[in-house]
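Heads up, the thing below is written out as structure tokens.
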Amino acid sequence: MNNLLRLIGNRLLWLPIMVFGVTVLVFFLMSLSPIDPAFSALGENASPDQLEAYRVEHGLNDPLIIRYGDYMAGFFHGDLGTFGPSNQSVSARIATALPITLQLGFFGFIIAIVASAILGVVSALYRDRWPDQVIRVFSVIGIGTPSFWLAALLVLGFVGKLPVSGPLPAFTVDPGGWFLRMLLPAIALAVPVIGQMTRVVRT
């Protein structure tokens, strides 16, 4: 127990350093990119004056150190900047998407827990026999399957049979619609996790 608490404490101490390192790495890599942020935001139809006005407004002509300082100041105040021609707030976009992401992650995790428990127990009970061999092959395939690729295959395979696009209905209003809308992406997220956890349960 003491070792576990010590490990958690060490991870918490290193967390701010890791976050700082990630922000430095991502910011400077993006700043060194040959892609012009003003052109990406305004599009190819923007005039040179519009592009320059965008750069001035967002401080893109300032030195990197000043830009990074402004970015971190906004970050600690919850301002992650804007994107797109309409200057949509990144923070507002994250706030809109985060609840759905958490629901999807939780649903996928539940599927992974249930499926891996069943497959792992069956594999252990029939160790080295054909059910075990089949499940082990599935586990290896699952571990190596990218979720985004599997999601695309599920969309192509179930289009017209299950909802693959459109707004997500609230669970409290339409539980059935929520379940059907979440099912395919949750499976796509769960399959690689099932492959890993099944081997752990079997062992």
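The values are calculated or read from the model by the stated rules, or taken from the named source; none is laboratory data. Predicted, not measured: the structure shown is a model, and the values here were computed from it. Cβ coordinates were reconstructed from backbone atoms using ideal geometry, including for glycine residues, and neighbour counts include every protein chain displayed. These area figures cover heavy atoms from the full protein model, side chains too; ligands, DNA and RNA do not enter into them. Shrake-Rupley method; radii C 1.70, N 1.55, O 1.52, S 1.80 Å.
Of the listed residues ILE187, ILE118, the order by accessible area with a 1.4 Å probe, largest first, is ILE118, ILE187. Taken over the chain, the convex hull of the Cα atoms encloses 214 Å³ per residue. Ranking of THR198, THR101 by solvent-accessible surface, largest first: THR101, THR198 (1.4 Å probe, protein heavy atoms only, all chains present). Between the helical axis of 130-143 and the longest alpha-carbon principal axis of the chain there is an angle of about 0 degrees.
Backbone amide hydrogens, once placed in the peptide plane, bring THR82 within less than 5 Å of VAL90, excluding anything fewer than 5 places away on its chain. Using all pairs of distinct alpha-carbon atoms, the Kirkwood hydrodynamic radius of the stretch 135-183 works out to 12.5 angstrom. Candidates ALA46, ALA152, GLY176 compared by Cα position along the dipole of the chain: farthest toward the positive end lies GLY176, with charges placed on Cβ. The LEU60 and ALA95 beta-carbon pair, evaluated with R₀ = 25 Å, returns a calculated FRET efficiency of approximately 0.50. Put simply, the stretch 13-132 fits an ellipsoid with semi-axes of 45, 18, 15 Å; these come from the alpha carbon gyration tensor as the roots of five times its eigenvalues, largest first.
Dipole magnitude for the chain: computed about the Cα centre from +1 point charges on Lys and Arg Cβ and -1 point charges on Asp and Glu Cβ, it is near 1260 debye.
With all protein chains kept in place, the per residue accessible area of the chain amounts to 69 square angstrom at a probe of 1.4 angstrom. Residues PHE158, PHE39, PHE27 ordered from highest to lowest accessible area at a 1.4 Å probe: PHE39, PHE158, PHE27. Note on the stretch 116-151 and the stretch 47-74: Cα centroid distance 51 Å, given to the nearest whole angstrom. Per residue, the chain reaches -25000 deg cm²/dmol at 222 nm when only DSSP H runs of four or more residues are counted, each adding -39500 (n - 2.57).
Calculated translational diffusion coefficient of the stretch 64-170 (25 °C, 0.890 mPa s; Stokes-Einstein with Kirkwood radius over alpha-carbon pairs) equals 134 µm²/s. Shown in residue order for the stretch 186-203 are the 3J(HN,Hα) couplings computed by the Karplus curve 6.51 cos²θ - 1.76 cosθ + 1.60 at θ = phi - 60°: 5, 5, 4, 6, 7, 4, x, 5, 4, x, 6, 6, 4, 5, 5, 4, 4, 5 Hz (x for Gly and Pro).
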